[in-house]
Amino acid sequence: MVVKIDPYINSDAGTMDPFQHGEVFVTKDGAETDLDLGNYERFLGIDLDQRSNFTTGSVYSEVIAKERRGDYLGETVQLIPHITEEIKNRIYNLGEDSGADVLIVEIGGTIGDFEMLPFVESIRQMSMEIKAEDQMFIHVSLIYTRPDGENKSKPTQHSIRTLQELGIRPDLLICRTSR
């Protein structure tokens, strides 16, 4: 099973400019999601649904709805623990409900961008809740190729350092190049 997390404020990809963001993929239950979900469906040969994609906007919207219903019993609603718990619960629930042996969680965006922090913090917390042998962090990074053909790994080194500073130590590094 797969979940793709997009750290933008939009509720979903449905109203986003396809020239800026790419085409929208519609799941079997009608959710308008990131195109990556369609690639996952085809590659893995599985049907994904709306739970397989969520955004910062959908997380905040749900937390605000819970606050308005009184689910937090008058607590001051904060990033930690309320937002991070919502993120973790979505991931845990999808994993449990799917019955899958493996759950792949992709957090889109660029590590170090501010909007990624609640998601990175959530998976950091999850890494302490799940046995080490039952989890793996994979960092995918683009190796910049200069016009003269030389590959530069400095941005990848910086992204790994940033991940480590945030409490995530990648177990596997996948590097991509334009060649």
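Taking amide hydrogens as modeled 1.01 Å from N in the peptide plane, which residues meet the under 5 Å criterion relative to Ile104, leaving out close sequence neighbours?
Val2, Val3
For the stretch 24-103, which trypsin sites (Lys or Arg not before Pro) pass both filters: DSSP loop (anything but H, G, I, E, B) and at most 12 other C-beta atoms within 10 Å? Mind dumping the intermediate values first?
Numbers: sites: Lys28, Arg42, Arg51, Lys66, Arg68, Arg69, Lys88, Arg90; in loops: Lys28.
When the trypsin sites (Lys or Arg not before Pro) of the stretch 24-103 are filtered for loop state and at most 12 Cβ neighbours within 10 Å, Lys28 remain.
Give the aspartates and glutamates reachable from Lys131 as a straight Cα distance under 15 Å; neighbours fewer than 8 places away on the same chain don't count.
Asp101, Asp171
Over the stretch 2-135, with a single point scatterer placed on each C-alpha, what log10 of the ratio I(q)/I(0) does the Debye formula yield at q = 0.10, 0.14, 0.15 1/Å?
-0.34, -0.67, -0.77
Please list 3J(HN,Hα) in residue order for the stretch 85-94, calculated via the Karplus relation 6.51 cos²θ - 1.76 cosθ + 1.60 where θ = phi - 60°; whole Hz, with x for glycine and proline.
5, 4, 4, 4, 4, 4, 5, 4, 4, 4
Take the residue pairs Lys4/Lys66; Lys28/Lys152; Lys4/Lys154; Lys28/Lys66 and return only those whose Cα atoms are more than 32 Å apart. Could the numbers behind the result be given before it?
Values: Lys4/Lys66 23 Å; Lys28/Lys152 41 Å; Lys4/Lys154 27 Å; Lys28/Lys66 27 Å.
Cα-Cα > 32 Å for Lys28/Lys152; rest within.
Taking Cα atoms, how many degrees apart are the long axis of helix 35-44 and the longest axis of the chain, rounded to 10 and kept between 0 and 90?
For 35-44 against the chain, the angle is about 80 degrees.
Using the alpha-carbon atoms, what tilt in degrees (0 to 90, nearest 10) does helix 117-129 show relative to the longest principal axis of the chain?
The helix 117-129 is inclined about 80 degrees to the chain.
Residue-wise, which Karplus ³J(HN,Hα) couplings in Hz belong to the stretch 9-14, taking 6.51 cos²θ - 1.76 cosθ + 1.60, θ = phi - 60°, and x for glycine or proline?
Values per residue, Gly and Pro as x: 6, 3, 5, 7, 8, x Hz.
Would you compute, for the Cα atoms of the stretch 51-120, the largest minus smallest coordinate along each principal axis and list the three values in descending order, in whole Å?
On the principal axes, the stretch 51-120 reaches 37, 31, 16 Å in Cα extent.
Using alpha carbons only, how many degrees (0 to 90, rounded to 10) separate the axis of helix 154-165 from the longest principal axis of the chain?
30
The numbers here are math on the coordinates, done by the rules we state, and not lab data. For clarity, every value in this text was computed on a predicted model and none was experimentally measured. Cβ sites come from the backbone with ideal geometry, for glycine too, and all protein chains shown count toward neighbours.
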